[in-house]
Amino acid sequence: MTDLLELFVQAAAKFGLNYGFLLDAYQRGSLVNGAITTIALCAFTIVGSLLAGLALAAMLTSGRPWFARPARVFIEVTRNTPTLVQLYCAFLVLNMLLTQAVGAANPLTPFAWVVIVISLHKGAFHAEALRAGIEAVPRVTLEAASSLAFSRRQLLWNVQLPLAMRFALPSLINNLIDLVKMTAVASAIAVGDITYASIMIWTQSDNVLELMILLLAFFGLLSFVVNCVGRALEAKLRMPGYGH
Amino acid sequence: MPSPETRVGQPLISLRDVHLSFGSNRVLKGIDLDVQRGQAVSIIGPSGSGKSTILRCITGLLPTERGSIRVGDTDVHALKSEAQRIELRKRVGFVFQQYNLFPHLSVLENLVIAPRKVLGETATNAEKHARELLAKVRMEHKADAYPGQLSGGQQQRVAIARALAMRPELILFDEVTSALDPETVGEVLTVIRELTEEGMTCVLVTHEMRFAEDISDVVYFTENGLIVEHGSPEHIFQRPTNERTQTFLRHALGDAGRRPVASGDPFLLSNISRYSLSV
Amino acid sequence: MAIDSPVSLPLGWPRRHPGKLVLLAAVLLWLVFGAPKSPVFAALREWSPALAAGFGQNILISLLAIAIGSVLGLLVGALAVSPLWITRLPAKIWVQVFRNAPWLVLIYFTTYVFPFELHIGKSWISFPDWVKVTLGLALPASANVAEIFRGAIGSIPSTQWEAARSLAFTRAQIFRSIILPQCFKRMLPPWMNLYAVITMGTALASLVGVHDLIDTAQIASNTVNRTGFTVLIYFSVLALFFAYCYPISRFTQFLERRYAFS
């Protein structure tokens with residue numbers, strides 16, 4: 001392992017890139033920890049955003065103004081304001097109020113705030129995709145299911161949702177790839193993700209370019225993995241004859 | 001199966017003075033219609049004369065405003081709850097112009113899903129019955145294909161089998177050949193003809209005049225939401241008494257009245273994903 | 001398939017939402033006449049010129065970034081749809097790299113890797129931080145514009161190409177007089193959407209020390225150091241961004257719906 005690293009560092013040095021910090025156990029450790037934090041952040045927010053998206057989409061399509069209106073307002077506010085500002089409003093304002101109220105018992109860490117904010121943010125985008133998917137299910141197909149004596153609930157679970165899911169899937173995957181990139185914003189409130197770890201290293205040793213390439217490669221890899229899983233799911237759920 | 005001539009009992013379907021409007025557009029203005037058990041009844045007439053609406057009222061997909069609809073012992077116009085309408089639909093099959101198969105399910109799954117989920121049949125029974133029905137419509141070789149892989153005529157035959165899988169008392173056919181290519185119309189009509197010969201009660205809305213003349217026991221001619229004339233096929237097609245019927249048939253017998261499908265493939269995904277970028 | 005949403009056309013909206021307008025007017029009246037008694041609002045009024053200047057910085061960055069990004073993106077997009085793979089390949093790599101990179105990382109990249117000043121001829125051009133941030137936003141913008149362009153070209157039905165070819169147009173002529181005019185119309189909604197996203201992206205500028213709206217808000221919050229003021233100022237920042245981006249988003253939806261039927 002260390003040999004491979006040394007080989008890599010020597011090879012990079014020939015291109016004028018100084019990856020010497022990778023041989024330093026402390027700096028390497030903080031980078032690896034940062035990478036693990038980012039992966040954990042992605043995992044939590046992917047699940048959280050999908051749950052939030054489902055809940056919001058259910059509210060939007062409930063047909064009851066008391067549910068649909070607040071969901072619509074929340075989605076529009078979320079879509080039209082920067083995530084960083086949302087994160088500040090949550091972490092610097094709500095977290096401050098919470099700490100003032102309960103003192104040291106405040107259970108929410110910066111990590112938790114990032115998960116909450118990004119989950120809700122991307123949940124708004126998921127909800128839009130899901131709503132569009134539900135509305136894209138042709139009315140005639142639902143009529144056909146009714147004519148086969150399906151009840152409303154059977155119709156929802158056997159016809160409407162499976163079709164809506166397939167229509168929404170490409171958008172959902174795009175949203176998730178975007179979500180992976182968005183986790184970099186966690187560094188703004190000093191969550192020790194890979195971006196934050198990199199900043200800590202380059203402020204000490206001025207090797208911004210090298211770290212930047214590493215960062216881009218890492219996020220590229222994460223996006224690639226999400227993309228592959230998404231495409232596999234799409235292929236599995238593909239309706240033959242309705243290619244796109 | 002008693003033949004329609006000998007049995008003059010209570011009709012299986014009977015509509016009396018049925019009215020329906022969509023907004024200010026009065027679609028049905030007093031429809032009277034009777035279908036005896038085992039009969040094949042065709043409804044013909046110009047586009048927009050309310051033919052398809054009659055079928056949707058019979059199976060409770062559309063509510064009526066006035067008048068009565070009776071199917072067997074059920075008063076359709078008086079059904080209050082969705083559960084009651086579901087009970088009705090278990091007995092009434094419906095075949096659509098656009099086939100409306102479930103695109104995410106294979107042909108066999110399309111046939112099996114309703115008997116299993118709605119009627120509570122076992123998987124083995126439902127599948128056995130489904131395969132018999134597929135053989136009947138000559139689609140057994142496509143049991144594992146998906147609707148999107150089939151031609152229009154093949155999809156429509158599967159749709160007929162799907163309706164039959166519920167073991168209905170009667171089947172309503174809503175312009176089932178209007179969206180098909182001319183060369184596949186015949187295979188679908190053959191299946192329907194066989195059903196009527198077996199004594200299945202069928203109500204057809206159709207533009208295929210020759211076919212209607214050939215297989216029907218009774219033909220109804222509708223125009224502007226009213227039944228203009230009805231009677232035996234010979235009466236309607238050879239000696240129509242009403243001037244409107246004569247005019248319509250003069251024009252309609254020339255072509256099959258096929259009209260282009262409005263929106264093409266309903267599953268075409270073009271613009272569904274809004275640009276999802278965010279910062 | 002048209003996607004309906006509960007939002008209505010902008011036409012005639014004042015008459016359709018009288019309640020909201022009255023509410024808005026009431027809030028404004030209260031802010032002007034009722035609020036000054038509270039020290040928190042007095043502080044906000046005191047800081048509002050600084051906040052406005054900060055937001056001006058954000059808008060300046062966003063306008064420059066979309067301008068640079070559009071020019072660059074159309075170039076890259078043109079390369080990406082060229083018939084030669086040797087020009088397509090670099091365009092594809094450009095799009096892939098800058099679309100899949102987090103914007104924050106790109107902003108760090110331009111801020112720390114680019115030189116402070118550039119030597120052109122005899123003069124030195126200095127690069128202040130906000131220009132670097134602009135470039136950092138222009139990079140992903142260009143990649144997205146290139147994709148929007150490629151998507152628009154691809155969405156023109158192939159029958160248009162066939163029809164034009166049958167009229168003996170050359171490839172360049174088809175592009176200029178048949179395809180591009182149709183493209184620009186289709187590009188407008190996603191391009192406006194991209195502009196709104198870039199505007200929101202300018203919020204990241206504060207992280208590399210540009211004195212923008214958020215930076216000003218942080219300074220104000222720390223200076224005044226009151227709980228109520230902190231709450232107010234961060235939600236004011238949120239409201240400012242919303243007030244700027246929401247109309248763009250509504251107009252985008254309006255255009256999308258109008259083009260969907262033509």
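The values are calculated or read from the model by the stated rules, or taken from the named source; none is laboratory data. Remember, predicted model here, so these are calculated numbers, not experimental data. So basically every Cβ, Gly included, is an ideal-geometry build from the backbone, and we count neighbours across all protein chains shown.
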Inside segment B:1-118, counting only strands (runs of 3 or more DSSP E) that do not spill past its ends, which hold 1 or more residues that are among the hydrophobic types (A, V, I, L, M, F, W, C) and in contact with an Asp or Glu (Cβ under 6 Å, 6 or more places away or on another chain)? B:13-22, B:40-44
Cβ-Cβ under 8 Å pairs, at least 6 apart or on other chains, segment A:26-46 side crowded, with 17+ Cβ neighbours inside 10 Å, far side outside any helix (DSSP H, G or I) and of a type in the set (A, V, I, L, M, F, W, C): A:Thr37/A:Val191; A:Leu41/A:Val191
Condition check for B:Ala130: part of a helix (DSSP H, G or I), in contact with a Pro (Cβ under 9 Å, 6 or more places away or on another chain) and free of Cβ contacts under 8 Å to residues at least 40 places away in the same chain: yes
Checklist (1) within 11 Å of another protein chain (Cβ to nearest Cβ); (2) farther than 21 Å from C:Ala141 by Cβ; (3) of a type in the set (S, T, N, Q); (4) surrounded by fewer than 21 Cβ atoms within 10 Å (Cβ to Cβ) applied to C:Thr230, failing item: (4)
Given the conditions (1) touching a Leu at 6+ places or on another chain (Cβ under 8 Å); (2) closer than 30 Å to A:Ile189 by Cα; (3) surrounded by fewer than 21 Cβ atoms within 10 Å (Cβ to Cβ), report the number of the one that C:Gly209 does not fulfil. (1)
Which listed residue, of B:Ser21, B:Ser47, B:Ser68, is of a type in the set (S, T, N, Q), touching a helix residue (DSSP H, G or I) at 6+ places or on another chain (Cβ under 7 Å) and more than 14 Å from every other protein chain (Cβ to nearest Cβ): B:Ser68
Show me the helices (runs of 4 or more DSSP H) entirely contained within segment C:120-181 in which 1 or more residues are among the aromatic types (Phe, Trp, Tyr). C:129-155, C:158-166
Which of the following residues is in contact with an Asp or Glu (Cβ under 9 Å, 6 or more places away or on another chain), assigned to a helix (DSSP H, G or I) and within 13 Å of another protein chain (Cβ to nearest Cβ): A:Leu84, A:Leu41? A:Leu41
Count of residues meeting criterion [free of Cβ contacts under 8 Å to residues at least 24 places away in the same chain and closer than 25 Å to A:Gln160 by Cβ] in segment A:60-75: 10
Would you mind stating whether A:Ala168 is surrounded by 19 or more Cβ atoms within 10 Å (Cβ to Cβ), away from chain B (no Cβ under 14 Å) and either among the small types (Gly, Ala, Ser) or not in a helix (DSSP H, G or I) (or both)? no
Is it true that A:Ser187 is at the interface with another protein chain (Cβ under 8 Å from one of its Cβ atoms), within 30 Å of A:Arg238 (Cα to Cα) and crowded, with 20+ Cβ neighbours inside 10 Å? no
From the options A:Gly20, A:Gly53, residue that is away from chain C (no Cβ under 14 Å), at pLDDT 90 or above, surrounded by 14 or more Cβ atoms within 10 Å (Cβ to Cβ) and at negative phi: A:Gly53
May I ask you to say which residue of A:Leu216, A:Leu163, A:Leu237, A:Leu221 is more than 9 Å from chain B (Cβ to nearest Cβ), farther than 24 Å from A:Tyr88 by Cβ and in contact with a helix residue (DSSP H, G or I) (Cβ under 8 Å, 6 or more places away or on another chain)? A:Leu216
